[in-house]
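Undergrad: Take a look at this one; I'll ask things after.
The values are calculated or read from the model by the stated rules, or taken from the named source; none is laboratory data. Being a predicted model, the structure only gives us computed values, none of them experimental. Counting neighbours? That spans all protein chains shown, and the Cβs are built from the backbone with ideal geometry, glycine included. With ligands, DNA and RNA removed, areas are computed over all heavy atoms of the protein, side chains included. Shrake-Rupley method; radii C 1.70, N 1.55, O 1.52, S 1.80 Å.
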Amino acid sequence: MVMATAACSVIPTGPGDVAVDDAGSGDPLDPPYARVIAMPPNPDWTPKEVVAGFQAAMASTGDSGHAVARQYLTASFLKKWDPSGEVMVYRQSALDGGENEEDTKETRVTLKGTVTGTIGQDGLYRPGDDELNEPFTLVKESAGWRIAGGHEGLMLSEADVRRAYRLVDLYFLDSKRTGLVIDQVQLPVNPLSTRAKATVERLLEGPSSSLSGAAQTAFPQDVDLIDVTTENSRVVVNLDKGVSGSDNIAAMSAQLAGTLSELAGGSSVEVRVNGEPYYGDSALVVDAQAQLKFDPWMTPRGMQLFYMQGGALRQLDKDNVGQPVAGAAGDPAKAEGRIGALARPAVSGHTLRQAAVLSDDRRSISVAPLTPDGQWREWVTGNDLITPNWDRYGSLWTVDRPGPQSSIVLRHYYDEEKQQVRPYRVAASDLDTVEVTALKVARDGVHVAVVVRNAMGEDEVKIGTVIGEGAASRIANLRTVVNAGDKQTIKDIAWKDGKSLYVLTGKSELLEASLTAGPKPLVSYPRMESVTALDDVLLAGVKDDDGNRQVVYRNVPGWEPWVKDENGSTGFVPDGPSSPVFPLG
């Protein structure tokens, strides 16, 4: 049963119906939420009902100190139980045991199900898929059954997390302080604060462990937030101190605008210091789109699609008709054996575009500027290279595999002054003794995805971060987001944005993966060979039963052929369009 009124509803989360307030002030900076009201243990409850009541009390958003949940514990277990640490997230299948026999003084109730993730103290959610078999020991005291042993931290069901937490995007700076990086964290609902204030407070704490060493912030370590309010159709962020210098102020403004964009609803943000105008005699007003102006790669505009056909790189025009790119990359006669029929090109993000392709023998990578006089030039040589990938800083990434289960991550820069390519080995200890089959740096220049193949030929996908540049480059913070399955192979990966990654399996299954959720299956297309994406635009290179090829566009809920020939046809043809790619894709 679920009852509801204008101010309160009842959700059956404990041994009986548990009261839930529809909390929130109506303030746009504090959207309403369901507030679970904890119920203390009842002397007449059975052991199983006590455990169920404890589960519900742990989920109470109206009891931030968990005072009611503590009433379910014996004095000795209370000393061990710490709700301030990592949170276990679970999906329950059963609550077994705990028969309430009159002569029993001690019993056990077991919570069974699946551990679907954890939430760290920094709000970082780590998906999981482990068996849950958690025993609770209960003893009978004068006031009824109490829990004497069990999990020593907070446990929340998936439904509890949806009520008690909000997934928020925090905006931080890349290492050059010229770009923005999104850090998705779970923010606990705090009935004593607005969501906007809690979000900015969390922003001031700095990045989560997933961005350790890879992201920066414009805010000083000792800055404190006084409040976040609304005034004259503006969001007002009141700090106890500001930052100095136009670059730091611009970076701070972009962080605030991005972090508050969902709650602000298009309103500008004014930053004050101790309630006074930021500049003393004038206000600092941050445009609602400041994050997009600070970092155009947050929502790239005017990016055209590139693809391969007939041994040449072509660019799609506004009518979806392809034209050869300028220079040698668009002329099959000038391929010089560098471009195979099914080469997967990488296109840089510079104003002056460059294309990079891997040779058919996988022993070299060549680069050509997309200009009328652009010629192919060999940038990289190796034993067994993977498809190259550009980052936003103009460096070219690849991996060489000198032997079985051995990988060397390489990063190449072009030195304009010396007119030469400068190679660097990237420190990546987690990848040295595995076979890397793909590597893609996200458009934020910080997140990196890799496909790793184990000794049994099964692939898994990991996401980590790039730290440093040049000789100091390294890859760290790697976490698995798609586990190796039964003989699973991965054909391709493509970043949607700085948060989500598309994964194409060897069976043409399409997944969306991220650091904050398990892989989500998407509607795919038969015989997909490669994928590329730009925010919500997703395209794939495919072939039909006869081996004819075409590029298809995801038009939810299905797909449609995308590239037209000179006659306006989008049919599949021999040597048709293949390997679509966006810049930095």
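Undergrad: Taking the dipole about the Cα centre of segment 462-551, with the C-beta of Lys and Arg at +1 and of Asp and Glu at -1, give me whichever of Gln550, Ala513, Leu534 is farthest to the positive side.
TA: Comparing the listed Cα positions along the dipole, Ala513 ranks first.
Undergrad: Which loop chymotrypsin sites (Phe, Trp or Tyr not before Pro) in segment 345-421, with loop taken from DSSP, have no more than 14 other Cβ atoms within 10 angstrom of their Cβ? Don't skip to the end; give the middle numbers.
TA: Numbers: sites: Trp376, Trp379, Trp390, Tyr393, Trp397, Tyr413, Tyr414; in loops: Trp376, Tyr393.
Here no chymotrypsin sites (Phe, Trp or Tyr not before Pro) fit, given the DSSP loop and packing criteria.
Undergrad: Let me ask another. Spelling out what I want: for every residue of segment 496-509, take phi, set θ = phi - 60°, compute 6.51 cos²θ - 1.76 cosθ + 1.60 (Karplus), and round to whole Hz; glycine and proline get x.
TA: In residue order, the calculated couplings are 6, 7, x, 10, 10, 10, 8, 10, 10, 8, x, 9, 6, 7 Hz.
Undergrad: Tell me which residues come under 5 Å, amide H to amide H, from Lys564 once H is placed; ignore anything under 5 positions away on its chain.
TA: Residues meeting the amide H criterion: Val321, Gly322.
Undergrad: Quick one: which residues, 5+ away or cross-chain, put their amide H under 5 Å from the amide H of Leu170? H built at 1.01 Å from N.
TA: Result for Leu170 returns Asp183, Gln184, Val185.
Undergrad: Shifting gears a bit: Within 10 Å of each candidate Cβ there may be at most 15 other Cβ atoms; applying that plus a DSSP loop requirement, which trypsin sites (Lys or Arg not before Pro) in segment 51-149 survive? Mind showing how you got there, number by number?
TA: Working: sites: Arg70, Lys79, Lys80, Arg91, Lys105, Arg108, Lys112, Lys140, Arg146; in loops: Lys105.
Passing sites in segment 51-149 are Lys105.
Undergrad: Of all trypsin sites (Lys or Arg not before Pro) in segment 261-319, which ones are in loop regions per DSSP and have a Cβ with at most 14 other Cβ atoms within 10 Å? Write out the running numbers ahead of the final one.
TA: Details: sites: Arg272, Lys293, Arg301, Arg314, Lys318; in loops: Arg301, Lys318.
Answer by residue number: Arg301, Lys318.
Undergrad: Then there's this: For segment 166-231 and segment 497-541, write down the distance between their C-alpha centroids in whole Å.
TA: 29
Undergrad: Moving on to the next point. Taking all protein chains together and a probe of 1.4 Å, list His66, His151 from the most accessible to the least accessible.
TA: The ordering from most to least exposed comes out as His151, His66.
Undergrad: What list of ³J(HN,Hα) couplings, whole Hz, do you get for segment 168-179 from phi and the Karplus terms 6.51, -1.76, 1.60, once you set θ to phi - 60° and write x for glycine and proline?
TA: Values, residue by residue: 10, 9, 9, 9, 10, 9, 6, 5, 8, 6, 10, x Hz.
Undergrad: Rounded to the nearest 10 Å², what accessible area does Thr371 have for a 1.4 Å probe in the complete protein model?
TA: Approximately 30 Å² for this residue.
Undergrad: Shifting gears a bit: About its Cα centre, how strong a charge dipole does segment 42-123 have in debye, to the nearest 20, once Lys and Arg get +1 and Asp and Glu get -1 at the Cβ?
TA: With Lys and Arg at +1 and Asp and Glu at -1, about 280 debye.
Undergrad: Same structure again: So, R0 is 51 Å and r is the distance between the beta-carbons of Glu416 and Ser64; what FRET efficiency does that work out to, to 0.05? The partial results should precede the final answer.
TA: On the way: r = 56 Å, r/R0 = 1.10.
About 0.35, to the nearest 0.05.
Undergrad: Continuing with this model, one more query. What is the antiparallel percent of DSSP beta bridges lying wholly in segment 194-272, to the nearest 5?
TA: Counting DSSP beta bridges with both partners in segment 194-272, the antiparallel share is about 60 percent.
Undergrad: Restricting to bridges with both residues inside the chain, how much of the DSSP beta-bridge set is antiparallel, in percent to the nearest 5?
TA: In the chain, DSSP labels about 95 percent of beta bridges as antiparallel.
Undergrad: How large is the dipole of segment 481-533 about the Cα centre if only Lys and Arg carry +1 and Asp and Glu carry -1, each at its Cβ, rounded to the nearest 20 debye?
TA: Computed charge dipole of segment 481-533: roughly 40 debye.
Undergrad: Tell me, what ³J(HN,Hα) does each residue in segment 544-559 have, in order and in whole Hz, if you take phi through Karplus 6.51 cos²θ - 1.76 cosθ + 1.60 with θ = phi - 60° and put x for Gly and Pro?
TA: My calculation for segment 544-559 gives 9, 4, 9, x, 6, 10, 6, 9, 10, 10, 7, 10, 3, x, x, 10 Hz in order.
Undergrad: Take Asn248 and Lys318, extend 7 Å from each Cα along the Cα→Cβ direction, and tell me the distance between the two endpoints in nm.
TA: 4.5
Undergrad: Whose amide H sits under 5 Å from the amide H of Glu270, counting only residues 5 or more places off or on another chain, with H placed in the peptide plane?
TA: Residues meeting the amide H criterion: Val235, Val236, Val237, Val286.
Undergrad: Also, quick follow-up: In whole angstrom, how far apart do the alpha carbon centroids of segment 400-415 and segment 64-135 sit?
TA: 46
Undergrad: What does the charge dipole of the chain about its Cα centre add up to, to the nearest 20 debye, if the Cβ of each Lys and Arg holds +1 and the Cβ of each Asp and Glu holds -1?
TA: Numbers: 57 positive and 79 negative charges, 220 e Å.
Charge dipole of the chain: 1060 debye, to the nearest 20.
Undergrad: Please name which of Gln304, Leu138, His412 has its Cα lying farthest along the dipole of the chain towards the positive end, using unit charges on Cβ (Lys, Arg +1; Asp, Glu -1) and the Cα centre as origin.
TA: His412
Undergrad: Over all distinct Cα pairs, what is the inverse of the mean 1/r for segment 393-463, reported as the Kirkwood hydrodynamic radius in Å?
TA: Radius from the Kirkwood sum: 13.1 Å.
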